[in-house]
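Only one structure is covered here, and it is reproduced in the block below.
The values are calculated or read from the model by the stated rules, or taken from the named source; none is laboratory data. As the structure is a prediction and not an experimental result, all values here were calculated from the model. So basically every Cβ, Gly included, is an ideal-geometry build from the backbone, and we count neighbours across all protein chains shown. SASA here: full protein model, heavy atoms, side chains in, ligands and nucleic acids out. Shrake-Rupley method; radii C 1.70, N 1.55, O 1.52, S 1.80 Å.
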Amino acid sequence: MAILVKGVGWAPRPLLPAVQAWDLDARRWVRALRRSPVKVLFPSGEVVDRKPGPGKRPRKAAAEASPHVQRPKQAPQEPPAQTPSTWEESGLRYDKAFPGDKRLSSVMTVVKSRTFREKQGKILLEGRRLIADALKAGAVPQMFFFSRLDYLKELPVDKLKGVRLVKVKFEEIKEWSDLVTPQGIMGIFAKPDHVKMTFPATQLRHSLPLLLICDNLRDPGNLGTILRSAAGAGCSKVLLTKGCVDPWEPKVLRAGMGAHFQVPIINNLDWETVPKYLPDDTRVYVADNCGLYTQAQKSNKASDHGWMCDQQLSKIHKYEEEEEEDLETGASKDWLPELEVQSYDLDWTEAPAAVVIGGETHGLSLESLQLAESTGGKRLLIPVVPGVDSLNSAMAASILLFEGRRQLRLRAEHLSRDRS
């Protein structure tokens with residue numbers, strides 16, 4: 001059998017099959033056709049468009065229908081320009097104070113001193129509510145120090161543009177704060193100008209022809225309380241003469257509880273310039289517990305009626321003694337202008353009225369009495385129980401201002417009834 005095979009002449013098969021060139025090219029074309037191309041380009045240059053078979057969709061439609069296929073990213077469309085309402089949208093930036101930073105201490109040295117405060121025109125506001133009232137009224141902020149970003153986010157964002165924001169430790173704020181419980185935020189503002197301020201519309205709508213003049217008020221707590229009462233009573237403005245405490249002192253601001261940004265305040269005035277800020281036909285009234293001394297001196301029992309304090313009584317005696325000496329020498333001086341005394345609850349608001357409140361230590365000045373006499377004003381008496389000293393200046397101002405408000409309201413009601 002072996003001889004037969006050998007005779008036929010069969011050659012043994014090679015281990016690897018030989019592949020012809022045409023067979024390799026055909027397989028390449030087959031793989032290309034299996035990929036379902038859109039167009040087929042033959043070596044001869046012929047181009048054949050291949051249509052998708054029945055039930056098949058183009059690749060673009062399939063990609064849009066498939067949720068797993070990554071779609072090309074589109075350029076984000078910019079929203080229309082709007083006023084930023086949040087901290088993130090506004091793009092505000094703040095600095096973080098590191099150990100040894102002297103910005104807070106240097107600024108506090110300025111705003112804590114009246115001389116430096118008036119020279120550089122800066123004031124200090126502490127607390128979120130007071131700062132918010134100032135921003136709402138149009139005060140110009142310059143720098144904020146805060147311990148937590150949340151405190152700053154509670155303020156109107158559009159008012160913080162261009163303001164230097166510095167984050168400091170709470171211990172540093174506590175060191176410079178005048179509050180028993182610091183609120184963690186301090187604002188440095190330019191000294192407000194009453195002409196440029198924007199006062200609440202409600203306050204302006206309820207404003208009355210009633211003014212307040214502060215004379216020698218040197219207690220910060222009393223002045224702050226008086227300003228608060230003036231705003232509550234609806235005073236059109238408050239005038240402070242020279243000798244009064246600075247209304248923008250931190251203690252006065254704290255006692256005022258935002259009244260500084262609800263009623264116009266004009267301070268550091270000479271008595272010669274006070275009439276310029278009064279409306280026409282204004283009558284000036286003074287709150288003076290010693291008003292009935294002229295009437296009570298005949299019985300020599302003025303103090304029994306509770307109409308005067310010992311300090312003001314001695315002041316009047318001093319004026320009279322000097323006047324007697326001047327009469328002996330032939331030189332007469334009007335130390336005490338003659339003013340009629342009127343009870344505070346009688347009508348004294350028939351014309352625009354201005355009330356002068358004197359300080360507890362120095363009392364009313366001679367210039368205030370002369371101004372009251374020149375305008376046809378009177379002394380407004382608040383009688384007290386015998387044995388009680390004069391009322392606190394803040395309490396006396398509150399009583400007179402709200403009494404004036406009551407009289408003006410009654411007059412308005414009577415006028416409305418007459419018209420109807």
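A few notes on this one:
- Segment 115-173: number of residues that are touching a helix residue (DSSP H, G or I) at 6+ places or on another chain (Cβ under 8 Å), in a helix (DSSP H, G or I) and among the basic types (Lys, Arg): 5
- Count - residues of segment 340-394 that are under 21 Å from ASP280 (Cβ atoms), part of a loop (DSSP other than H, G, I, E, B) and over 38 Å from the mean Cα position of the chain (by Cα): 2
- Whether a residue is assigned to a helix (DSSP H, G or I), among the polar types (S, T, N, Q) and open to solvent by 60 Å² or more (accessible area, probe 1.4 Å) was assessed, and SER398 does not pass this test.
- Test: ARG218 is at pLDDT below 95 and part of a helix (DSSP H, G or I): no
- Within segment 327-363, the residues that satisfy the criterion of being modelled with pLDDT under 75 and of a type in the set (A, V, I, L, M, F, W, C) are LEU327, ALA331, TRP335, LEU336.
- Test result for ILE188, in contact with a Ser or Thr (Cβ under 9 Å, 6 or more places away or on another chain) and open to solvent by less than 60 Å² (accessible area, probe 1.4 Å): no
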